[in-house]
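**Q** Once you've had a glance at the structure underneath, I'll fire off some questions.
The values are calculated or read from the model by the stated rules, or taken from the named source; none is laboratory data. Remember, predicted model here, so these are calculated numbers, not experimental data. Note that each Cβ is placed from the backbone with ideal geometry, even for glycine, and that neighbours are counted across all protein chains shown.
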Amino acid sequence: MTATIAPKEKHHASHPVVDESPLLAAVIAEFPSAGAVLTAAKTIRQAGWTDWDVHSPFPIHGIDDVMGIRPTRLPWITLGAGAMGITVALLMQWWMNGVDYPFWISGKPFFGLPAAAPVAFELMILFAALSTIAGMLLLNGLPRFSNPLFSSEGFRRATSDRFFICISARDPMFDREVALKAFSDCHATAIDECWAPPASERKFPKALSLALMVLFTLALIPPVLIAQKRSTTTTEPRLHAISDMDFQPKFKPQRTSTLFADGRAMRPQVSGTVARGDLRADSRLFKGLEPGPKVHRTLALLQTAPATPPVARLVSAEGGPRDVAERLVALADPPPADPLDSQPWVTSFPVPVTSKTMKRGQERYNIYCATCHGLAGDGDGLVTRRALELEQGTWIKPTTFHSDNLRAQPVGRLFHSITNGVRKMPSYADLVSVEDRWAIILYVKALQQARHADAKDIPSDLIPQLRDLPKE
Amino acid sequence: MSTVTADFLNNTQEQPGVRSPLVLGRHDNTTVTERICQIAESPKPPRAWYIAISISSSFTLMLFGLIGYLVTTGVGVWGNNAPVFWAWDIVNFVFWVGIGHAGTLISAILFLFRQHWRTSINRFAEAMTIFAVVCAGIFPSVHVGRVWVIYWLLPVPNQNAIWPNFRSPLLWDVFAVSTYATVSLLFWYMGMIPDIATFRDRATSRWRQVVYGVLSLGWTGSARQWHRYEKAYLLLAALATPLVLSVHTVVSFDFAVSQVPGWHTTIFPPYFVAGAVFSGFAMVVTLMVPARAFFGLKELVTLRHLENMNKIILVTGSMVGYAYAMEFFTAWYSGNRYEQFAFINRAFGPYAWAYWTMVTCNVISPQLFWFKKVRTTPWMMVIVCIFVNIGMWFERFVITVTSLSRDFLPSSWGYYKPTFVDIGMFVGSFGLFFTLFLLFCRFLPIVAMAEVKSVMPANHANEDH
């Protein structure tokens, strides 16, 4: 039951509906004080009126009992909305952080009640408060901007300092004269009638509806444009309204700078310093050499000297790849004694030799080495085979690991080859960590040993398994 | 006794068996309406209003100019730098949010406790809450740096296809403060609907009729409307009470959930809430004393109201002082040398000046309210309250900056200095606050007329209870 007053035709039974005349909506009576209106309300209720209301500038204590207003169901709306707020918050947090995009933050669980409680609490309050206010307004029939009560000049004081009782024309026992009589019996200080404008004037203003339609149409443009952009492709670079950090006043690698005397933006390492984690004092682990200062210097010189003739120049010369290869051989001097042969390479592994290392080495070998060297180390990897098929003149077939020369090489020398490269093979130091390099060498050693092994090298309990292997 | 009772505006004496009136003078419903409506209805506001708003709005302009400078240049225009990455931005945020808490406390908690004296100050205090939260919201919003992607804080789908991290207290803060702002605004607005309807019905010009007519939503003051309205008000008060406690609790989590010495303490939530109420009431008194004189509201906002607020300031000030002492005790008792260092550094380190300013303003100055003379003399209470506000700003400064400037790694220690942008934005936020406040005083009902009428004895005469 709301306080809305709907118009009722003046003489509904005897006359046909006349749209053009104002309709009596209610009769109202004015009272000077809260006490007076309370007394009058008792009388009105006893007289049997049902569609009536009291209007006052402040809530009158005790009016609910006098008028028989039943408790509102608003608290239930609040309760339901609060429960929904908690549910929505918990589900949202669980789904967003626990299911759709789980990521570790300081070892906290993806979803847990303690961390979810604050947001759940806040959303409970938010949902409950919004529904309470919305529920109060809707149950009260607000907003309602056109009300016949406002047609009474005197009623304006209902929000300041006067008290009113209004009997709606919708009351089943409504009769103007009876209602006015009832009011004067209650000692009302003033009595007025509230008229609703005729139906023809109660239409929604045309200008307003036109303006709303235009606004609605304009409001549709941005989402339509966005939808169009999102569903089409373009070769143009995307529009970047805000460049964020795309353009920064900074030097990129290999650029010049006037800030430094040498004109370089990249700064060389300060002499006599070692970057954190770059000390690498363990010569056996990091270089594959037995410790000794002299050796380091020799190797450093070796690395700066060009190891092979400049191949690029040869390639650009006339002739096919075969010629190039021949000329390469012709150009080369008789091979001098390789200085690498005389280094104090380590012959034992500086890392623990375990089956775990072996497994790791196998995995790394198959990833990084087998493409050229072949899965068994014969120098017949897929890349090598393809290069030979294409007759690539610059390709040098990797040496098989099973030659006597390579079988005799100490593990330190193999480490040097992976770390610094050998012939056409580049350095793999950036791709494979030190420990992994040693693991690969361990696996290569195993490959070499396996090629020359026979049944007596295998533990006797494993021999039966060999027979089960498929025969090729 | 005789000298005091001669002044009918002084209702601060306790008379056994008699309740002090909440409204003084020969007021009835008509005069209360007249007195409050004339503030907004006079054709021209007084000259002082024009002077005040021109000053405050120029500071507001400065604030927005500096925000524009910050957004286009970057947060580097502030003094924040390693190791003090949180400085005046967070200090100002916590300061303003805390100010806001008094409004909700008066409108919600005192309502639940049936403290009828709140009726003449609650509107004023609630408005202050809204404007303080507006000022507070600016600082964390711009301190994210790239404000155009601030919606990443919200659980809405974004171009990175990731969701916010709900395990972070900073995100809890987003929810707490935005809920607080929304609920406070609606609570304030809902409370104003009957009074705006009064404005509508008294309006003489067409534009006032339309604007107040739309804002009052067609309120007629019917008993059925009042019934639901009062229930809604009670429910909102019951919701806002835990909300206001949760907001500053979550704000304190921003600090307490981290590992920084001096922040990582469980005393923070109650200590922050007490501090917030403390600073908020001080701000209400600071604004209320000049406003009641200026708008002729001394009979509605009586000395007793001010005295009651001063008593709350005294209580919460003592709680804050106790918390300061307890922080030191906890640091000593914990046996944690980093914690101990943090507090010794606060009191005797490079920011000792800030620490002792805080202690003087927050612990010592409110103790003056033990004297009735100070509690009931407007100019004295304003001075104390201004000191309290200064002290509460320094409290947040001390917590934020001293802990960050010297944490675990001595090689990265530093000394924070604000730039002109820091200072200008803080001053400008006061400009924004007062601009909004002056507009409120000019255009909206600054005292809850309907509520004041409902506590006037004349309106209870014929009741049975």
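**Q** If I ask for residues that are free of Cβ contacts under 8 Å to residues at least 40 places away in the same chain, in contact with a helix residue (DSSP H, G or I) (Cβ under 8 Å, 6 or more places away or on another chain) and part of a helix (DSSP H, G or I), which ones from segment A:55-78 would you list?
**A** A:63, A:64, A:66, A:67, A:75
**Q** Right, something else. List every residue pair whose Cβ atoms sit under 6 Å apart, with the two residues 6 or more apart in sequence or on different chains, where the first one lies in segment A:155-184 and is away from chain B (no Cβ under 14 Å) and the second, anywhere, is in a loop (DSSP other than H, G, I, E, B).
**A** Sorted first by the residue in segment A:155-184, then by its partner, the pairs are A:170/A:6; A:170/A:51; A:171/A:49; A:171/A:50; A:171/A:51; A:182/A:47.
**Q** Which of the residues belonging to segment A:253-267 are polar (S, T, N, Q) and on the phi > 0 side of the Ramachandran plot? Outline the logic, then answer.
**A** First, pick out the residues of segment A:253-267 that are polar (S, T, N, Q): A:254, A:256-258.
Answer for segment A:253-267, where residues must be polar (S, T, N, Q) and on the phi > 0 side of the Ramachandran plot: just A:254.
**Q** Would it be correct to say that residue B:39 is touching a residue at least 40 places away in the same chain (Cβ under 8 Å) and closer than 27 Å to residue B:182 by Cα?
**A** Numbers: touching a residue at least 40 places away in the same chain (Cβ under 8 Å): yes; closer than 27 Å to residue B:182 by Cα: no.
No; evaluated as a whole, the condition is false for this residue.
**Q** Further, regarding this structure: Just one of (1) within 17 Å of residue A:288 (Cα to Cα); (2) in contact (Cβ under 8 Å) with a residue 40 or more places away in the chain trips up residue A:394, so point out which.
**A** Of the numbered conditions (1) within 17 Å of residue A:288 (Cα to Cα); (2) in contact (Cβ under 8 Å) with a residue 40 or more places away in the chain, the odd one out for residue A:394 is (1).
**Q** Quick check: is even one residue across segment B:258-266 among the hydrophobic types (A, V, I, L, M, F, W, C), more than 28 Å from residue A:67 (Cβ to Cβ) and out of contact with any Cys (no Cβ under 9 Å at 6 or more places or on another chain)? Explain how you work it out, then say what you get.
**A** So in segment B:258-266, the residues among the hydrophobic types (A, V, I, L, M, F, W, C) come out as B:260, B:263.
With more than 28 Å from residue A:67 (Cβ to Cβ) added as a condition, the list becomes B:260, B:263.
Pick out the ones that are also out of contact with any Cys (no Cβ under 9 Å at 6 or more places or on another chain) and you get B:260, B:263.
Yes: one or more hits.
**Q** For residue A:150, are the conditions met, namely being within 14 Å of chain B (Cβ to nearest Cβ), assigned to a helix (DSSP H, G or I) and under 20 Å from residue A:21 (Cβ atoms)? Give the steps one after another, and end with the answer.
**A** Working: within 14 Å of chain B (Cβ to nearest Cβ): yes; assigned to a helix (DSSP H, G or I): yes; under 20 Å from residue A:21 (Cβ atoms): yes.
The answer is yes for residue A:150.
**Q** Kindly establish whether residue B:375 is modelled with pLDDT under 90, charged (D, E, K, R) and within 21 Å of the chain's Cα centre (by Cα).
**A** Working: modelled with pLDDT under 90: no; charged (D, E, K, R): yes; within 21 Å of the chain's Cα centre (by Cα): yes.
Taking the combined requirement at face value, the residue does not satisfy it.
**Q** Take the residues in segment A:90-134 that are among the hydroxyl-bearing types (Ser, Thr, Tyr) and surrounded by fewer than 21 Cβ atoms within 10 Å (Cβ to Cβ), then tell me which one is farthest from the other protein chains (Cβ to nearest Cβ). Explain how you work it out, then say what you get.
**A** Let us first name the residues in segment A:90-134 that are among the hydroxyl-bearing types (Ser, Thr, Tyr), namely A:101, A:106, A:131-132.
Within this subset, residues satisfying the condition of being surrounded by fewer than 21 Cβ atoms within 10 Å (Cβ to Cβ) are A:101, A:106.
On the way: A:101: 5, A:106: 8 Å.
Ranking the qualifying residues of segment A:90-134, first place goes to A:106.
Residues are listed down the side, and each one gets a yes or a no for (1) at the interface with chain A (Cβ under 7 Å from one of its Cβ atoms); (2) touching a strand residue (DSSP E or B) at 6+ places or on another chain (Cβ under 8 Å):
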residue: B:161; (1), (2): no, no
residue: B:178; (1), (2): no, no
residue: B:218; (1), (2): yes, no
residue: B:222; (1), (2): yes, yes
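**Q** Just checking, does segment A:362-383 include any residue being over 20 Å from residue A:428 (Cα atoms) and either at pLDDT 80 or above or of a type outside the set (A, V, I, L, M, F, W, C) (or both)?
**A** no
**Q** If you check residue B:245 against the conditions, is it without any contact (Cβ under 8 Å) to a residue 60 or more places away in the chain, within 17 Å of residue B:184 (Cβ to Cβ) and either facing another protein chain (nearest Cβ under 8 Å) or not acidic (Asp, Glu) (or both)? First the steps, then the outcome.
**A** Values: without any contact (Cβ under 8 Å) to a residue 60 or more places away in the chain: yes; within 17 Å of residue B:184 (Cβ to Cβ): yes; either facing another protein chain (nearest Cβ under 8 Å) or not acidic (Asp, Glu) (or both): yes.
Criteria met by residue B:245.
**Q** May I ask you to say which residue of B:240, B:274, B:282, B:176 is under 16 Å from the mean Cα position of the chain (by Cα), in a helix (DSSP H, G or I) and surrounded by fewer than 23 Cβ atoms within 10 Å (Cβ to Cβ)?
**A** Details: B:240 fails: surrounded by fewer than 23 Cβ atoms within 10 Å (Cβ to Cβ); B:282 fails: surrounded by fewer than 23 Cβ atoms within 10 Å (Cβ to Cβ); B:176 fails: surrounded by fewer than 23 Cβ atoms within 10 Å (Cβ to Cβ).
Going through B:240, B:274, B:282, B:176 in turn, the sole match is B:274.
**Q** Answer with yes or no whether residue A:133 is of a type in the set (Val, Ile, Thr) and closer than 30 Å to residue A:24 by Cβ. Before the answer, list the steps.
**A** Values: of a type in the set (Val, Ile, Thr): yes; closer than 30 Å to residue A:24 by Cβ: no.
No; evaluated as a whole, the condition is false for this residue.
**Q** Inspect segment A:135-146 for any residue being closer than 30 Å to residue B:250 by Cα, in contact with a helix residue (DSSP H, G or I) (Cβ under 8 Å, 6 or more places away or on another chain) and within 9 Å of chain B (Cβ to nearest Cβ) and give the result as yes or no.
**A** Taking segment A:135-146 and keeping what is closer than 30 Å to residue B:250 by Cα, we get A:135-136.
This time we only want the ones that are in contact with a helix residue (DSSP H, G or I) (Cβ under 8 Å, 6 or more places away or on another chain), so: A:135-136.
Right, trim to within 9 Å of chain B (Cβ to nearest Cβ) and you get A:135-136.
Yes - at least one qualifying residue is present in segment A:135-146.
**Q** Right, next: Please tell me if residue B:261 is surrounded by fewer than 20 Cβ atoms within 10 Å (Cβ to Cβ) and closer than 19 Å to residue B:398 by Cα. Working first, answer last.
**A** On the way: surrounded by fewer than 20 Cβ atoms within 10 Å (Cβ to Cβ): no; closer than 19 Å to residue B:398 by Cα: yes.
Taking the combined requirement at face value, the residue does not satisfy it.
**Q** Return the only residue of A:364, A:413, A:407, A:360 being among the basic types (Lys, Arg), buried (at least 17 other Cβ atoms within 10 Å of the Cβ) and over 44 Å from the mean Cα position of the chain (by Cα). Steps first, please.
**A** Details: A:364 fails: over 44 Å from the mean Cα position of the chain (by Cα); A:407 fails: buried (at least 17 other Cβ atoms within 10 Å of the Cβ); A:360 fails: over 44 Å from the mean Cα position of the chain (by Cα).
That would be A:413, the only listed residue that is among the basic types (Lys, Arg), buried (at least 17 other Cβ atoms within 10 Å of the Cβ) and over 44 Å from the mean Cα position of the chain (by Cα).
**Q** Based on what the data block shows, is residue B:381 touching a Lys or Arg at 6+ places or on another chain (Cβ under 8 Å) and within 27 Å of residue B:271 (Cβ to Cβ)?
**A** Numbers: touching a Lys or Arg at 6+ places or on another chain (Cβ under 8 Å): yes; within 27 Å of residue B:271 (Cβ to Cβ): yes.
In short, yes.
**Q** Considering segment B:221-237 alone, what residues qualify as being crowded, with 23+ Cβ neighbours inside 10 Å and over 14 Å from residue A:60 (Cα atoms)?
**A** B:232, B:235, B:236
**Q** Go through segment B:337-448 and tell me which helices (runs of 4 or more DSSP H), entirely inside it, have 1 or more residues that are more than 17 Å from residue B:99 (Cα to Cα) and touching a Pro at 6+ places or on another chain (Cβ under 7 Å).
**A** Numbers: elements: B:337-348, B:352-359, B:372-376, B:378-397, B:420-443.
Counting at least 1 such residues, we get B:337-348, B:420-443.
**Q** Now for a different question. For segment B:289-336, how many residues are touching a residue at least 60 places away in the same chain (Cβ under 8 Å), of a type in the set (Lys, Arg) and outside any loop (DSSP other than H, G, I, E, B)?
**A** 2
**Q** Here is a follow-up. With respect to residue B:290, is the statement that it is surrounded by fewer than 23 Cβ atoms within 10 Å (Cβ to Cβ), more than 30 Å from residue A:69 (Cβ to Cβ) and in contact with a His (Cβ under 9 Å, 6 or more places away or on another chain) true?
**A** Working: surrounded by fewer than 23 Cβ atoms within 10 Å (Cβ to Cβ): yes; more than 30 Å from residue A:69 (Cβ to Cβ): yes; in contact with a His (Cβ under 9 Å, 6 or more places away or on another chain): no.
Against the criterion (surrounded by fewer than 23 Cβ atoms within 10 Å (Cβ to Cβ), more than 30 Å from residue A:69 (Cβ to Cβ) and in contact with a His (Cβ under 9 Å, 6 or more places away or on another chain)), residue B:290 does not qualify.
**Q** Which of the residues spanning segment B:96-148 are of a type in the set (Lys, Arg) and in a helix (DSSP H, G or I)? Can you show your working first?
**A** Initially, segment B:96-148 is screened for residues of a type in the set (Lys, Arg), giving B:114, B:118, B:123, B:146.
Selection gives B:118, B:123.
**Q** If you check B:198, B:182, B:204, which single one turns out to be facing another protein chain (nearest Cβ under 7 Å), of a type in the set (Ser, Thr, Tyr) and either more than 25 Å from residue A:30 (Cα to Cα) or surrounded by fewer than 22 Cβ atoms within 10 Å (Cβ to Cβ) (or both)?
**A** Every option except B:182 fails the conditions.
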